[in-house]
Amino acid sequence: MSTQKERIIIGRIRAGTGLITSLIFLLFTLWSRDGRAQNIVEVGDPDQFANCLEDPDCINRLHPDIPMAARVRPGATFVLHTRNASDFNLDPSAAPDPRAGADAIPTVHPLTGPVYIEGAEPGDILKVRIIDIDPGPWAYTSITPIGFVADKFEKPLRVLWKLNRDYAVSDDLPGIRIPNRSFPGVVTVLPGAEQLEMMLAREKALMEAGGAGTPLSAEYASPEEICGENGSKADECLRTLPPREHGGNMDIRYLQTGVSIYLPCYIPGCGLAVGDLHFAQGDGEVTGTALEMDATVTLTTELIKDGRKLGNGPHYEGSSTLLDIPSRTFYATTGFPVKKKGEVPPDMKYLESGKVADLENLSKDISLAARNALLEMIDYISDTYGYTKEQAYIITSVAVDLRIGQLVDAPNVGVTAILPLDIFEER
């Protein structure tokens with residue numbers, strides 16, 4: 001006899017909605033790896049709760065004391081209902097969100113979880129496999145202050161996308177169609193006490209030296225009882241913006257369906273959390289946003305005892321086809337670490353070097369080379385296809401890949417920016 005959930009899923013299949021995800025749900029609900037029936041654990045509910053602060057299965061800070069939202073055993077399939085990076089209602093008919101000030105940085109990123117993986121202990125490796133990603137109906141891309149060439153753009157721009165399982169289109173960028181390459185921007189475990197202390201100290205030192213970073217903040221922090229303004233650990237909760245050894249906001253566009261991600265466990269149960277789902281993104285996410293969407297993510301996990309130590313960050317594996325650009329043809333620009341005399345690249349100003357400004361060529365500076373390749377591509381898109389510079393910048397963030405050419409030909413290391421031409425509907 002079918003359970004109520006199974007009958008609902010079968011009804012969705014017959015109705016033709018959410019077909020792929022529904023089939024996956026049904027198969028994994030009825031059969032586990034050993035052939036026995038299992039229940040699907042579902043975590044998070046954006047439909048019931050307006051924002052992350054209200055949702056008991058949502059966090060937007062990281063700390064080892066954060067309580068677990070759910071428990072799953074290794075090998076079981078589970079489902080995470082995730083929120084977009086800014087935790088806003090993206091429906092264009094919705095009222096403006098009062099939390100939208102300062103580019104919504106205080107609300108970034110709402111993560112679904114953390115999930116306790118049964119049997120996981122500090123020192124284990126958690127293998128997380130992405131089974132399916134079902135996009136929500138809407139996504140946005142915007143130019144943000146953290147963009148790679150934000151100093152060149154003073155005018156704001158926010159693009160709203162309409163999504164389906166195949167592609168995204170937008171009235172704000174007519175003539176562009178972006179194919180679905182969905183992936184989670186954030187996949188993380190919770191840090192342990194030792195890792196937390198180290199990360200807080202080094203990021204504080206960097207920001208005190210004038211380097212870029214994300215300061216601690218209790219504003220809109222979740223969970224409030226731990227990380228909020230009156231929380232027990234308000235001055236210890238890590239922001240989710242930078243990735244670290246625990247994973248986090250890696251924004252790697254290759255972490256798509258079928259990929260397995262290897263994460264270190266620092267606490268019992270690991271504390272797996274996922275969010276910041278992207279419908280598509282170019283390598284670099286250069287405006288600071290991709291196609292930011294709500295989504296439903298289906299996962300399974302495996303525990304590896306006495307595995308390879310992941311001292312510098314997560315590993316991942318998958319099909320080599322995911323490394324390809326989603327296009328039959330492309331156009332590319334190149335960049336090298338050259339500049340005008342008197343200029344100091346924005347990300348080098350905090351070093352206060354007396355040498356940088358006078359030089360017209362920096363030695364093996366990959367960031368400057370990438371910057372030059374990107375700016376050349378923005379100009380090319382604008383000049384060739386008639387988009388504004390701001391629109392072209394958005395296009396590079398969601399579709400253009402910045403790739404390293406070489407790192408050895410001193411002084412000029414090289415970066416190339418690759419534009420998939422099939423995104424243009426009329427060529």
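The values are calculated or read from the model by the stated rules, or taken from the named source; none is laboratory data. Not measured: the values here are computed from a predicted model. Counting neighbours? That spans all protein chains shown, and the Cβs are built from the backbone with ideal geometry, glycine included.
Some values worked out for this structure:
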quantity: Members of segment 239-282 that are under 14 Å from the mean Cα position of the chain (by Cα), hydrophobic (A, V, I, L, M, F, W, C), in a loop (DSSP other than H, G, I, E, B) and farther than 28 Å from residue 211 by Cβ; calculated: 279, 280
quantity: Matching residues, segment 53-84, being hydrophobic (A, V, I, L, M, F, W, C), in a loop (DSSP other than H, G, I, E, B) and modelled with pLDDT of 95 or more; calculated: 66, 68, 69, 76
quantity: Failed item, numbered, when residue 175 is tested on (1) at negative phi; (2) touching a Phe, Trp or Tyr at 6+ places or on another chain (Cβ under 8 Å); (3) not acidic (Asp, Glu); calculated: (1)
quantity: Residue within segment 334-347 that is of a type outside the set (A, V, I, L, M), in contact with a helix residue (DSSP H, G or I) (Cβ under 9 Å, 6 or more places away or on another chain), under 11 Å from residue 414 (Cα atoms) and outside any strand (DSSP E or B) present; calculated: yes
quantity: Residue within segment 180-191 that is small (Gly, Ala, Ser), assigned by TED's automatic domain parsing to the domain that holds residue 297 and within 26 Å of residue 93 (Cα to Cα) present; calculated: yes
quantity: Test: residue 134 is out of contact with any Leu (no Cβ under 7 Å at 6 or more places or on another chain), buried (at least 17 other Cβ atoms within 10 Å of the Cβ) and assigned to a strand (DSSP E or B); calculated: yes
quantity: Exclusive hit being buried (at least 18 other Cβ atoms within 10 Å of the Cβ) and under 24 Å from residue 150 (Cα atoms), set 365, 379, 358, 383; calculated: 365
quantity: Candidates 271, 284, 288, 258 - the one that is small (Gly, Ala, Ser) and buried (at least 23 other Cβ atoms within 10 Å of the Cβ); calculated: 271
quantity: Identity of the residue in segment 285-316, in a strand (DSSP E or B) and hydroxyl-bearing (Ser, Thr, Tyr), that ends up farthest from residue 140 (Cα to Cα); calculated: 301
quantity: Of all residues in segment 388-423 being touching a strand residue (DSSP E or B) at 6+ places or on another chain (Cβ under 9 Å) and charged (D, E, K, R), the one that is surrounded by the most Cβ atoms within 10 Å (Cβ to Cβ); calculated: 401
quantity: Per-region count, segment 360-399, residues in contact with an Asp or Glu (Cβ under 8 Å, 6 or more places away or on another chain) and in a loop (DSSP other than H, G, I, E, B); calculated: 0
quantity: Hits in segment 218-243 (condition: closer than 23 Å to residue 147 by Cα and surrounded by fewer than 20 Cβ atoms within 10 Å (Cβ to Cβ)); calculated: 219, 241, 242, 243
quantity: Any chance residue 119 is surrounded by fewer than 20 Cβ atoms within 10 Å (Cβ to Cβ), at pLDDT 95 or above, within 19 Å of residue 68 (Cβ to Cβ) and assigned by TED's automatic domain parsing to the domain that holds residue 303; calculated: yes
quantity: Scope segment 215-238; condition free of Cβ contacts under 8 Å to residues at least 60 places away in the same chain and part of a loop (DSSP other than H, G, I, E, B); matching residues; calculated: 215, 216, 218, 228, 229, 230, 231, 234, 235
quantity: Residue identified as without any contact (Cβ under 8 Å) to a residue 24 or more places away in the chain and of a type in the set (Gly, Ala, Ser) among 342, 318; calculated: 342
quantity: Given (1) outside the structural domain of residue 174 (by TED's automatic domain parsing); (2) farther than 20 Å from residue 405 by Cβ, index of the condition residue 363 fails; calculated: (2)
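Yes or no, residue by residue, for (1) in contact with a Phe, Trp or Tyr (Cβ under 8 Å, 6 or more places away or on another chain); (2) assigned by TED's automatic domain parsing to the domain that holds residue 406; (3) closer than 22 Å to residue 125 by Cβ:
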residue: 286; (1), (2), (3): yes, no, no
residue: 290; (1), (2), (3): yes, no, no
residue: 293; (1), (2), (3): yes, no, no
residue: 315; (1), (2), (3): yes, no, yes
residue: 337; (1), (2), (3): no, yes, no
residue: 342; (1), (2), (3): no, yes, no
residue: 345; (1), (2), (3): no, yes, no
residue: 350; (1), (2), (3): no, yes, no
